[in-house]
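Report on the structure given below.
Any read-out appearing in this document is the output of simple, stated calculations on the displayed coordinates, not a laboratory observation. As the structure is a prediction and not an experimental result, all values here were calculated from the model. Reconstructed Cβ throughout: ideal geometry from the backbone, glycine too, with neighbour counts over all protein chains shown.
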Amino acid sequence: MLNRRQVLGSAIALAGATAIPALAQEKPIRIGFLSCKSGALAAGGRQMEDGFQLFLNERSGKIAGRPVELIVADTGGQPALAKTRAQELVQRNPPFLVAEQMGLLNACFPGRVDLGIGRSTGADWATSSLLRGGTPMKNEEGYISDLSNLLALNQPHGVDVDQGGQSYSFKAVPNASSAPSPWILGTSSYSAQLAAELSLPYAFGYHIRAEGAKEAIQLYKDRFVPSAAQPEPSVLVSAIVVMGKTDEEAERLARSQLYFMSAFRSGEPVQPQMLVEQSEQVEFPERYDDLVANFRRSWIIGSPDRVADGVEALAAELGVDEMMINPVVAADASQASNRAPNREFTLSALAERFPQKAQSFLAGNV
């Protein structure tokens with residue numbers, strides 16, 4: 001699956017590219033889609049691909065009158081393989097077509113598409129380097145310049161690029177009348193201040209780093225500059241939830257994700273997430289102790305009632321307008337590999353306890 005950071009990285013590569021001629025109307029729209037179709041995390045990846053394919057089938061495989069070529073690459077849930085697959089897509093397909101994806105989604109679903117923009121890829125150093133085209137991470141000035149270009153690409157007027165004394169106009173979607181809603185993603189005071197100064201909504205990655213969340217959110221609210229498009233500050237926080245039918249079952253389900261995230265945050269080679277039975281046979285190394293303790297402080301783990309109380313308490317503590325729930329994929333060997341039963345159970349249980357927000361819960365948000 002091409003996530004938000006990958007779309008950003010590919011779109012930014014456009015800034016220094018040579019001019020790309022306008023696409024002929026009959027040429028296909030080529031969309032790159034990185035997904036996990038094998039291994040322990042395959043269920044979610046297959047569901048996303050099936051959903052995308054269903055959308056295309058209902059429209060006879062066309063968007064805006066043009067045929068769509070969906071290029072799906074299997075990452076296997078492995079960072080090294082994801083890097084290879086991303087490199088293949090980027091090298092084989094012009095970056096502008098990847099940037100076009102967000103605009104096309106917005107054209108199909110006006111008002112329902114968010115464009116999250118962050119400075120960090122959240123990946124290992126090798127993958128991060130690939131997404132930046134092999135160049136070093138830019139300074140603050142360069143980041144803001146790239147951010148401005150990306151926002152312009154998703155506006156109806158696009159962005160103008162001078163090449164050889166001639167001006168070329170680039171647009172994510174020809175004749176677009178609207179744009180995806182941009183959000184600044186971050187886990188620091190810098191991202192909070194940037195979102196405030198640009199009059200943009202702010203999403204704090206609490207699932208990545210809980211420390212400093214309250215301070216960053218307050219800084220954003222204090223320094224927010226109202227605009228016609230965004231008159232009031234708007235804050236979203238993402239949170240990891242592990243739910244079981246009982247507190248004990250939730251603890252059991254959390255083990256595989258705790259081990260996976262500890263290895264990832266330690267910079268160690270990451271393997272596909274273990275099944276629950278496999279995680280019970282593994283001892284956590286002592287070097288993971290501090291990481292596991294930090295995760296337990298920020299993750300919401302427990303029975304349905306305990307999780308619902310935790311979600312409500314976190315929203316009140318941070319003073320946020322919206323929460324994005326990340327239900328942990330934890331599966332037993334006996335469960336079908338093409339389903340994510342714990343995700344379904346978690347969202348359904350939360351929807352029952354927050355009936356006024358049931359539709360948002362079923363979409364994965366609070």
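Of note:
- FRET efficiency, 1/(1 + (r/R0)^6) with R0 22 Å, evaluated for F264 and E312 via beta carbons: 0.15
- Estimated at 0.36 nm per residue, the fully extended path between S298 and S199 surpasses their Cα-Cα distance by 32.8 nm.
- Counting 0.36 nm for each residue step from E352 to H157 and taking away their Cα separation leaves a gain of 65.8 nm.
- Inter-site label distance for N338 and Q278 at 7 Å from Cα along Cβ, in nm: 2.1
- Under 14 Å from K214, Cα to Cα: aspartates and glutamates that are on another chain or at least 8 residues apart: D222, E317, D321
- Pairwise alpha-carbon distances in region 237-362 exceed 26 Å for 22% of all pairs.
- Using the Cβ of M274 as centre and a radius below 14 Å, the other residues enclosed give a net charge of -2, where K and R count +1 and D and E count -1.
- Extension gain for L54 to S169 (0.36 nm times residue separation, less C-alpha to C-alpha distance): 38.1 nm.
- Using the Cβ-Cβ distance between R112 and F345 with R0 set to 22 Å, the FRET efficiency works out to roughly 0.30.
- Percent of Cα pairs exceeding the 21 Å cut-off, where the set is region 262-331: 40
- Cβ-based exposure ranking for I63, I71, in which fewest neighbours within 10 Å come first: I71, I63
- Which of W299, W183 has the fewest Cβ neighbours within 10 Å, and the rest in rising order: W183, W299
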